[in-house]
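This report refers to the structure that appears directly beneath it.
The values are calculated or read from the model by the stated rules, or taken from the named source; none is laboratory data. No experiment lies behind these values; they were computed from the predicted model shown. Note that we place each Cβ from the backbone using ideal geometry, even for glycine, and neighbour counts take in every protein chain shown. Quick note on the areas: whole protein, heavy atoms, side chains included, nothing else; ligands and nucleic acids left out. Shrake-Rupley method; radii C 1.70, N 1.55, O 1.52, S 1.80 Å.
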Amino acid sequence: MTDLAPISFSPWEMFLNAGPVVRCVMILLAVASLLTWTIFIAKSLELLRLRMKLTKAEQTLEQANTLDLGEEGTRQNGIAHTLVMAAETERARSQDIPDDSDGLKERIVLHLERLEAAEGRKLMRGTGVLATIGATSPFIGLFGTVWGIMTSFTGIAASKATSLAVVAPGIAEALLATALGLVAAIPAVVIYNHLARQTASCRAQVADLTSLVMRLVSRDLGRMQALTASGQVVRLGASRDTRSVAGE
């Protein structure tokens, strides 16, 4: 009796022995898994740096007494500086509209809301891939499994052999595709939910910055109205030196 060579069921050997379709499915799932972890590392570092910047910007705007001081303190701080400059720009454009404090506040709020929404979309950039991987990977793996089992049964019918030793390798290779689909999908879903929570936290900090900017705007407008009531002429969007005097 001739001894049969032992069959290896290691994942690498099953991958090498799989058919071309099942092998392509496995490669696709491996790439999806690698992409998931790459996005996780990149977005985690991005959100960590952003949270540090937002925290520093909150402290700066909290300590600022005027919008001009807030602008100076946030020059190197991305979204915070963008929000302050948006308020400054709208204030400068409204200098020819007298007694329009309420209208100015409304226009600034509308502008800041749009910037806040744009920042929220920017924060979510890249996470949609994780949702796609988490939703489709199990089905891609299942396709590879179905195709592999079909190929195995076709080979069984052609060889007219029903021994378990003949059936097992092909079915094991096919089931490996399902396992890889789950390996790709489960981390993608968990990481997506984790990044969604981190993004929501950053968006809340951006909303806090918007509130702080509006508080500085309101404070500056109150000073201008007080100076106007005392007989001094102050215009919205006046020179920086005039606004500095108003803030003293």
Conditions: (1) over 23 Å from residue 44 (Cβ atoms); (2) part of a helix (DSSP H, G or I). Residue 97 meets all but one. Number of the miss?
(2)
Yes or no: residue 34 part of a helix (DSSP H, G or I), exposed (fewer than 14 other Cβ atoms within 10 Å of the Cβ) and at pLDDT 80 or above?
yes
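Determine whether residue 78 is within 30 Å of residue 188 (Cα to Cα), at pLDDT below 85 and touching a helix residue (DSSP H, G or I) at 6+ places or on another chain (Cβ under 7 Å).
yes
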Residue selected from region 91-121 under the condition among the hydrophobic types (A, V, I, L, M, F, W, C) and open to solvent by 60 Å² or more (accessible area, probe 1.4 Å), by the criterion modelled with the highest pLDDT
110
Are there any pairs, at least 6 apart or on different chains, whose C-beta atoms fall under 6 Å, with the first in region 57-72 and closer than 13 Å to residue 211 by Cα and the second polar (S, T, N, Q), and if so, which?
57/74; 57/77
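Name the one entry in 85, 124 that is in contact (Cβ under 8 Å) with a residue 12 or more places away in the chain, surrounded by fewer than 18 Cβ atoms within 10 Å (Cβ to Cβ) and closer than 14 Å to residue 216 by Cα.
Values: 124 fails: closer than 14 Å to residue 216 by Cα.
After ruling out the rest, the residue left standing is 85.
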Scope region 39-80; condition open to solvent by less than 80 Å² (accessible area, probe 1.4 Å), over 22 Å from residue 120 (Cβ atoms) and either touching an Asp or Glu at 6+ places or on another chain (Cβ under 8 Å) or assigned to a helix (DSSP H, G or I) (or both); matching residues:
66, 67, 68, 71, 73
Of the conditions (1) closer than 30 Å to residue 22 by Cα; (2) at pLDDT below 90; (3) loosely packed, with under 15 Cβ neighbours inside 10 Å, the single one that residue 175 does not satisfy is (3)
Out of (1) free of Cβ contacts under 8 Å to residues at least 12 places away in the same chain; (2) farther than 17 Å from residue 177 by Cβ, the odd one out for residue 107 is which?
(1)
I'm told residue 38 meets every condition in (1) touching a Ser or Thr at 6+ places or on another chain (Cβ under 7 Å); (2) free of Cβ contacts under 8 Å to residues at least 40 places away in the same chain except one. Can you identify the failing condition by its number?
(1)
